[in-house]
Amino acid sequence: MREFSNIRENRLGGFDADIDLNGEVVPYTLTQEDIDSADLSGATMLPQEFKDAYVAAQDLAAEQAWIEAEMVAADKEVKKFDDGHTRPKGANVQEWRTYRNALRDYIQAGVIVGERPVSP
């Protein structure tokens, strides 16, 4: 059985610890098997607000990535209208411009505002 020291909960809800490998103390992320056999009663637990903040930051990053991808797609559609392309998506260029503005307004000052915009 492995001996762990400095057991602490990580932001993902798992546990990290230090382990002695050949005289050197190294960080280690516990596996489910480790957790099942370890005494976690002395583990340092993260407050729920830290976990919530981490999840919120992940959600915000995912939404920002989605916005960037949608802006690229919307820009292509606007260019199709501008260039007189025969197969643009959506009824008109104004719908796409309105959508781009909605994408820009979806996150304000690092906060998700309202519902996700829907493309035309």
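The values are calculated or read from the model by the stated rules, or taken from the named source; none is laboratory data. Source: prediction; values computed, not measured. Don't worry about glycine lacking a Cβ; one is built from the backbone with ideal geometry, like all the others, and counts go over all protein chains shown.
Being surrounded by 14 or more Cβ atoms within 10 Å (Cβ to Cβ) and of a type in the set (Gly, Ala, Ser), is that true of even one residue in the range 19-36? No, there is no match, as no residue in the range 19-36 is surrounded by 14 or more Cβ atoms within 10 Å (Cβ to Cβ) and of a type in the set (Gly, Ala, Ser). Considering every residue within the range 82-91, establish whether at least one is surrounded by 12 or more Cβ atoms within 10 Å (Cβ to Cβ), at pLDDT below 90 and part of a helix (DSSP H, G or I). No, there is no match, as no residue in the range 82-91 is surrounded by 12 or more Cβ atoms within 10 Å (Cβ to Cβ), at pLDDT below 90 and part of a helix (DSSP H, G or I). Identification of strands (runs of 3 or more DSSP E) wholly contained in the range 1-65 with 3 or more residues that are without any contact (Cβ under 8 Å) to a residue 24 or more places away in the chain yields 15-21, 24-29.
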